Amino acid sequence: MKKHYFIILFLIISICCMATKYGFAATVGNPLDLDLPQTSAALRQEVIDDTMDEYEQSVKIKTSIDAEFVFGKDLHVNPDLKGAELKGQWYMAKLGMTILNRVEPYIKVGTSNLEVKWKHNAEDMTVGAEYGVAWGGGVKANVLELWDIRLTLDGQYRTTDTDVTEATVGGISSDKGGAVFKVDEWQAGLFLSKKFEIPLKLNSIYVVPYTGVTYADSNVDVSFNNVNSPTGDYSLFDANNKKLYGLVLGCDIVPKFNSPFIYSLELRLVDEIALSLGGTIKF
């Protein structure tokens with residue numbers, strides 16, 4: 001009897017082994033999937049944890065550096081002045097705090113290097129300012145998100161008050177006594193953006209193009225004295241923007257999914273011709 005039990009047990013084990021063998025052999029898998037999955041479970045869990053940290057983190061601190069090149073901004077001045085234009089550069093560091101991925105108040109601190117030109121009674125006036133302290137602040141808010149398209153509102157203010165390095169009348173250097181160079185700017189804008197993924201072999205790059213319209217104005221207080229012509233009119237008399245509405249085209253680039261860095265390129269048109277290059281890091 002025991003012999004029969006051993007035979008039956010042997011047959012059962014043999015059948016199980018054969019069933020197991022053919023069970024595994026029945027599902028070969030797609031030969032094209034030899035390199036899948038691409039990420040190990042441990043690495044995938046790490047990405048998931050990072051994603052959850054991103055989602056659960058209600059307050060994020062971000063800082064960025066922007067280099068802005070203003071090639072020309074037309075100014076509205078008194079009728080007896082012509083062709084008033086501001087150009088130059090702003091170099092600003094921005095510190096922002098994103099709250100619940102919805103609102104981001106921020107401050108800006110940096111420097112400016114600006115120049116203003118205008119014409120009065122057929123005489124060309126040029127006033128250049130040295131690098132001076134610039135500062136400002138603003139707030140950005142995520143208003144609506146629909147079909148992966150985000151609507152964002154941004155309002156900001158910045159100012160600079162610096163010393164004059166040169167003042168010329170008709171190409172001739174003038175006295176800079178009592179010279180003033182102060183610029184105040186404020187802007188509100190509404191922007192549309194959408195994130196796109198560009199898959200690469202090693203990792204994906206995320207590109208976020210955006211566009212929008214702005215309403216912006218300024219107060220440009222520039223004046224100087226000329227000892228050779230004390231009755232001369234050498235002031236812009238608090239000029240402001242000639243065009244109050246502008247168009248913005250820009251793009252943010254995220255080098256990979258969980259990168260703390262963002263690189264930015266922005267072009268502003270209509271009210272001014274300006275280009276901005278920047279980089280942002282999240283802490």
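Anything in the stretch 93-115 that is acidic (Asp, Glu) and at pLDDT 95 or above? List them, or say none. So that I can check it myself, show each step before the final result.
Let us first name the residues in the stretch 93-115 that are acidic (Asp, Glu), namely 104, 115.
Passing the criteria: only Glu115.
Hey, could you check the stretch 152-163 for residues that are of a type outside the set (Ser, Thr, Tyr) and surrounded by 18 or more Cβ atoms within 10 Å (Cβ to Cβ) and say which is nearest to the chain's Cα centre (by Cα)? Quick ask: steps written out before the conclusion?
Within the stretch 152-163, the subset of a type outside the set (Ser, Thr, Tyr) is 153-156, 158, 161, 163.
Among the residues that remain, those that are also surrounded by 18 or more Cβ atoms within 10 Å (Cβ to Cβ) are: 154, 156, 158.
Details: Asp154: 12, Gln156: 13, Arg158: 16 Å.
Top of the filtered list is Asp154.
Within the stretch 101-133, the set of residues being in contact with an Asp or Glu (Cβ under 9 Å, 6 or more places away or on another chain), free of Cβ contacts under 8 Å to residues at least 60 places away in the same chain and of a type in the set (A, V, I, L, M, F, W, C) comprises Ala129, Val133. In the stretch 196-209, the qualifying residues are those that are out of contact with any Lys or Arg (no Cβ under 8 Å at 6 or more places or on another chain) and of a type outside the set (A, V, I, L, M, F, W, C), and the one that is surrounded by the fewest Cβ atoms within 10 Å (Cβ to Cβ) is Lys201. Go through the residues of the stretch 84-92 one by one and say whether even a single one is surrounded by 12 or more Cβ atoms within 10 Å (Cβ to Cβ), of a type in the set (Asp, Glu) and either on the phi > 0 side of the Ramachandran plot or modelled with pLDDT of 90 or more (or both). Scanning the stretch 84-92, I find at least one residue that is surrounded by 12 or more Cβ atoms within 10 Å (Cβ to Cβ), of a type in the set (Asp, Glu) and either on the phi > 0 side of the Ramachandran plot or modelled with pLDDT of 90 or more (or both), so the answer is yes. In the stretch 214-226, the residues that are at pLDDT below 95 and surrounded by fewer than 20 Cβ atoms within 10 Å (Cβ to Cβ) reach residues that are outside any loop (DSSP other than H, G, I, E, B) and of a type outside the set (Val, Ile, Thr) with C-beta atoms within less than 6 angstrom, at least six apart or across chains, in these pairs: Ser223/Ser235. Scanning the stretch 268-283 for residues that are surrounded by 14 or more Cβ atoms within 10 Å (Cβ to Cβ) and not β-branched (Val, Ile, Thr) turns up Arg268, Asp271, Glu272, Ala274, Ser276, Gly278, Gly279, Lys282.
Consider Leu275 carefully, then state whether it is under 12 Å from the mean Cα position of the chain (by Cα) and more than 30 Å from Asn121 (Cβ to Cβ). For Leu275, the condition - under 12 Å from the mean Cα position of the chain (by Cα) and more than 30 Å from Asn121 (Cβ to Cβ) - is met.
From the list Asp154, Asp148, Asp175, exactly one residue is within 20 Å of Val116 (Cα to Cα) and either out of contact with any helix residue (DSSP H, G or I) (no Cβ under 8 Å at 6 or more places or on another chain) or aromatic (Phe, Trp, Tyr) (or both). Which is it?
Working: Asp154 fails: within 20 Å of Val116 (Cα to Cα); Asp148 fails: within 20 Å of Val116 (Cα to Cα).
None of the other options fit; the residue is Asp175.
Regarding Asn203, is this residue within 21 Å of Asp80 (Cβ to Cβ) and more than 21 Å from the chain's Cα centre (by Cα)? Considered against the rule, which asks whether it is within 21 Å of Asp80 (Cβ to Cβ) and more than 21 Å from the chain's Cα centre (by Cα), Asn203 comes out as no. Taking the stretch 180-283 and the strands (runs of 3 or more DSSP E) fully enclosed by it, the elements with 1 or more residues that are closer than 26 Å to Lys119 by Cβ and basic (Lys, Arg) are at 180-194, 261-269.
Which count do you get for residues in the stretch 250-274 that are basic (Lys, Arg) and touching a strand residue (DSSP E or B) at 6+ places or on another chain (Cβ under 6 Å)?
The qualifying residues number 1.
Looking across Leu151, Leu144, one residue alone is over 21 Å from Ser218 (Cα atoms) and either free of Cβ contacts under 8 Å to residues at least 12 places away in the same chain or part of a loop (DSSP other than H, G, I, E, B) (or both). It is Leu144. Filtering the stretch 39-79 to residues that are at pLDDT below 65, of a type in the set (D, E, K, R) and under 22 Å from the mean Cα position of the chain (by Cα) leaves only Glu54. Just to be sure, is Val180 modelled with pLDDT of 85 or more, aliphatic (A, V, I, L, M) and over 30 Å from the mean Cα position of the chain (by Cα)? Yes, satisfied. Considering only residues that are closer than 27 Å to Thr168 by Cα, surrounded by fewer than 16 Cβ atoms within 10 Å (Cβ to Cβ) and of a type in the set (A, V, I, L, M), which ones fall in the stretch 101-137? Hits for the stretch 101-137 are Ala122, Val133.
The values are calculated or read from the model by the stated rules, or taken from the named source; none is laboratory data. Bear in mind that the values here come from a model prediction, so they are computed numbers and not experimental data. So basically every Cβ, Gly included, is an ideal-geometry build from the backbone, and we count neighbours across all protein chains shown.
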